[in-house]
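A short write-up of the structure that comes next.
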Amino acid sequence: MFALYEDAGKFHAGRVLSEAESSLQVELESGKRVKVKAAHVLLRFEKPHPAELLREAQAVAQTIELDLAWEFAPEEEFGFADLARDYFSAQATQVQQAGALLRLFEAPHYFRRAGKGRFRKAPAEVVQQALAAIEKKKQVQAQIEAWAAELVAGACPEPVRAQLFRILFKPDKNAPEYKAVVEASRAAQEAPLALLQRAGAIASPYQFHWQRFLFDYFPRGTGFAPMAAPAIRDELPVAPVQAFSVDDSSTTEIDDALSVQGLGSGTVTLGIHIAAPGLALAPGSPLDQVARQRLSTVYMPGHKITMLPDEVVQTYTLMEGRDCPAVSLYLRIDEASLAIQASETRLERVPIRANLRHDQLDAFLDEAWLTSADGASAHDVPEPARHLHGELAFLFRLAQHLKAAREVVRGKPETFNRPDYSFRLPDATGEPTGHETVEITVRRRGAPLDLMVSEAMILANSTWGQWLAELGVPAIYRSQASLAPGVKVRMGTKALPHAGIGVKCYAWSTSPLRRYTDLVNQWQIIACARHGRTAALAAPFKPKDAELFSVISAFDAAYSAYNGYQAGMERFWTLRHLQQQGVRELEATVFKEGLARADTLPLVLPVLGAADLPRGSRVRLRLGDIDLITLDVAGTVIQRLDAPPADAGTAEEEEDDTAVAGPIAIAVDVDEAPEAPAAEAAAD
């Protein structure tokens, strides 16, 4: 005696070894013995053999026309054997009965299951809807197959091209365009990204990276709706200073400027002047909503996406030759000891004497000139910096003093083991295309001008942060608990120490045209300047304000993403530089197992042949092929240039967290199981 039974939606048949009141012991074809509930047994038979019965039943099932079977089926509930007798004959064989069971089971759009081996036919309108869905699905599948065939043949269908970035990074896995790419990848046995490149879906590596970034963060484009810069209504006094800014030539959002008064008097007043859009832009205003949505300016070689419209930026930027609205921090400093005696914040208009540029002056403003008594070599220094020798010399001395004081708090000196690099696209006339010539130059970290500005901004951010805390006005702070490995910089609303910088607290406040956190903090500082001890009542953001935490969360995510994109595009242009200059070999320093950093370019790459070399080893590398889509290049050690320094394993090194480009992580999974058959899917 054999039995056919159902278990978890599958049919099995085997020899009945024994039978109890409510169960049977069945031996399957594999020899495995199972206990089957009697209620699960659908058919008992003497012959044919179970495997043969299932095989013949499958063949019989395919001969049953579902439309005809549906017509034969009664309106009330029925069993599969009943349908077999109605469809075939009153003496339907057990193979025919089993065939009817399989056919009923695989056609849920015609027949609903009503129990073990029991069914009820679906209403006519449901059947028609299901059949229409099946037909539509067949048409979609035909379209998927046609698109897949085009991709395999090396052509990209326009619907796939239009959905390229969604397919690769945020796919709807039920979309036909996505399924076509998966099917083509399987058929061609080729990775999806390589397949799409070959099919011409990615016409330009630069555009691939640019459009992907826009897809993720600027899906509506980078332009602004027409917006006028609101006027500052305050009657602001004009400061009795002549301030100057220090930025790169490409900088248009000039947030900060400096002034020095009282040289030679024994007490010097340092002015740190910050552009004041916060005097005009109100929280919740349309411009604030724009800034809050973007959260920061996005920088990349040859291009940027500003946080605020250019017309607004030009209204508040600290441009030379104008009296510019500013939030000014004045610090009274002993000229001899450089001790800070007092500080004061004012809202005013500041005359901007000059906009100095790093890239034009760094080569001239060296330590020798800045420490000379009268700037004897001033004839080499371009105007207007030449006539600012006294102010610049004081700022340089003060910056060295402030840095040394911070290093005492840090517990160790700051080191600049790696240079900063500047990227320039001299022939770019607008948004880059990726074909421009790129120039990469070194800007020494800690160069005098850079040191002056950075120390002044640290001083302003820490002084204002402490002042806000003393007045009980909440702000957005950056803090770091210690310099121990793995302790990261965090953002929050508490004035906590920043161990990495070496200050009691640190509130970003000096770039309100470029960073939304600084604009938020400027609103709070303005309230303090206007209201003093009662500022907490008047400030836009109150203690434990949920809005502040929302800003922190959004800014943290956006700023990390923007910095990641900037790093990726700097790597793109570095690889383009290698191609343009025909560089096939370069010198590098091993800094981690299997990784090396180029000595004269901002490039980290994996290397073969460096596994046994200690950190600090200098090597010559032969470069492999460059892939501008994955931003990947590898090197092979061809020569060891010198022995590593004795302290290579212990010397302080800034975090080596530069990402090494590799295959792009895409969301196309060609290993996913194929979708269910059309009829089954339509009935779900």
Checklist entry - Which condition number in (1) open to solvent by less than 80 Å² (accessible area, probe 1.4 Å); (2) free of Cβ contacts under 8 Å to residues at least 40 places away in the same chain is the one that F394 fails? => result (2)
Checklist outcome for this item: Inside region 617-629, the number of residues satisfying the requirement of being in a loop (DSSP other than H, G, I, E, B) and open to solvent by 60 Å² or more (accessible area, probe 1.4 Å) is 1
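Conditions (1) modelled with pLDDT of 90 or more; (2) out of contact with any Cys (no Cβ under 7 Å at 6 or more places or on another chain); (3) over 21 Å from K121 (Cβ atoms), marked per residue:
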| residue | (1), (2), (3) |
| --- | --- |
| E6 | no, yes, no |
| S23 | yes, yes, yes |
| V34 | yes, yes, yes |
| A39 | no, yes, yes |
| R44 | yes, yes, yes |
Next on the checklist: Go through (1) in a loop (DSSP other than H, G, I, E, B); (2) of a type outside the set (V, I, T); (3) surrounded by 13 or more Cβ atoms within 10 Å (Cβ to Cβ); (4) modelled with pLDDT of 80 or more for F423 and report which single condition fails.
Outcome noted: (1)
Checklist outcome for this item: Given (1) more than 26 Å from the chain's Cα centre (by Cα); (2) without any contact (Cβ under 8 Å) to a residue 24 or more places away in the chain, A243 misses just (2)
Checklist entry - Quick one: what pairs do we get from region 1-27, first residue in a loop (DSSP other than H, G, I, E, B), second surrounded by 11 or more Cβ atoms within 10 Å (Cβ to Cβ) and among the small types (G, A, S), C-beta under 9 Å, 6+ apart or different chains? => result A20/A38; E21/A38; S22/A38; S22/A39
Next on the checklist: Here is a list: V95, V34. Which entry is surrounded by fewer than 18 Cβ atoms within 10 Å (Cβ to Cβ) and either of a type in the set (A, V, I, L, M) or touching a His at 6+ places or on another chain (Cβ under 9 Å) (or both)?
Outcome noted: V34
Item to check | Cβ pairs under 6 Å, 6+ apart, first in region 344-355 and of a type in the set (K, R), second open to solvent by 20 Å² or more (accessible area, probe 1.4 Å) | outcome: R349/L236; R349/V238; R349/D323; R353/Q242
Next on the checklist: Tell me yes or no: at least one residue of region 328-344 is open to solvent by 50 Å² or more (accessible area, probe 1.4 Å) and on the phi > 0 side of the Ramachandran plot.
Outcome noted: no
Next on the checklist: Just the residues that are open to solvent by 10 Å² or more (accessible area, probe 1.4 Å), farther than 16 Å from I525 by Cβ and charged (D, E, K, R), please, taken from region 435-477.
Outcome noted: E436, E439, R443, R444, R445, D450
Checklist entry - Just to be sure, is L54 assigned to a helix (DSSP H, G or I) and either of a type in the set (D, E) or in contact (Cβ under 8 Å) with a residue 24 or more places away in the chain (or both)? => result yes
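The values are calculated or read from the model by the stated rules, or taken from the named source; none is laboratory data. Bear in mind that the values here come from a model prediction, so they are computed numbers and not experimental data. No Cβ is skipped: glycine too gets one built from the backbone with ideal geometry, and neighbour counts run over all protein chains shown. Side chains are part of the model used for accessible areas, which takes the heavy atoms of the whole protein and leaves out ligands, DNA and RNA. Shrake-Rupley method; radii C 1.70, N 1.55, O 1.52, S 1.80 Å.
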